[in-house]
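> Attaching a single structure in structure tokens format; questions to follow.
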Amino acid sequence: LLNSGTFWLSETPNEVSKGWDAVCRRICTWAHLERKSDKTRFYFLSTHLDHRGKEARIEGGKLVLDWIKKNCKGQTVILVGDFNATPDAPEIKYIVDTLSTVGGADISSEVAGTFHNFGKFSEESKIKIDYIFSSLKSIHAYRVEDTPINNQYYSDHHAVCAEVDIK
């Protein structure tokens, strides 16, 4: 770990705050990492966009991408999280378009529904709202981990997993 931090998805990202039309305070947590074996550096970011506020999702997504543009300067970026938006939503298209300019995009594009409300499956369970985005092109595998542990779901979402080759 070289460095890490958190910023709030709001008009005042450096202080605990709630932005735009958000119902909840939302954050993005980041880490600048270096692989010990070869000193390869990369950024890993995890975020959770608001589940109700459309403007908050759009502006929160822009804030995260602006942070990446300002701070990651050509290094590999992996961005994951619960974006609370379907693949056709403007905020998801914006992220895909922005990361596509650096050679990556949504690497979980063929993944099925990710929300299941602690095993209470419904039509809503078929939607995809959790993503893995990357500036990389070298993705070997991705999947949704949908098997309960001890017959219990410990989250209301399935985990979205990927194997990436960071060079």
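The values are calculated or read from the model by the stated rules, or taken from the named source; none is laboratory data. Every value quoted in this text rests on a predicted model; they were computed, and no experiment measured them. Heads up, the Cβs are rebuilt from the backbone with ideal geometry, glycines too, and the neighbour counts pull from every protein chain shown. These area figures cover heavy atoms from the full protein model, side chains too; ligands, DNA and RNA do not enter into them. Shrake-Rupley method; radii C 1.70, N 1.55, O 1.52, S 1.80 Å.
> With the other protein chains left in place, how much accessible area per residue, in square angstrom, belongs to the chain at a 1.4 angstrom probe?
56 Å²
> Also, quick follow-up: What is the chain's relative contact order, in percent, from Cα pairs under 8 angstrom and six or more apart in sequence?
17 percent
> Over the alpha-carbon set of the chain, divide Rg by the Kirkwood Rh and report the Rg/Rh ratio to two decimals.
0.96
> Same structure, new question: List the residues, sorted by chain then number, that are 5 or more residues from Val80 or on another chain and whose placed amide H is less than 5 Å from its amide H.
So Val80 has HN proximity to Leu45, Ser46, Thr47, Phe133.
> While we're looking at this one, here's another question. Compute, for the chain, the length of the dipole vector about the Cα centre, with Cβ point charges of +1 (Lys, Arg) and -1 (Asp, Glu) only. Units Debye, rounded to 20.
Result for the chain is approximately 560 debye, rounded to the nearest 20.
> Out of the total accessible area of the chain (probe 1.4 Å, heavy atoms of protein only), what percent is carbon and sulfur?
About 50 percent, which is the carbon plus sulfur part of the accessible surface.
> For Cys24, what charge total do you get from the other residues with a beta carbon under 13 Å from its beta carbon, if Lys and Arg give +1 and Asp and Glu give -1?
Within the 13 Å Cβ shell, the charges total +2.
> So, one more: On a 28 Å Cα-Cα criterion, which of the cross-link pairs Lys18/Lys69; Lys70/Lys167; Lys54/Lys120; Lys39/Lys128 come out too long?
Lys39/Lys128
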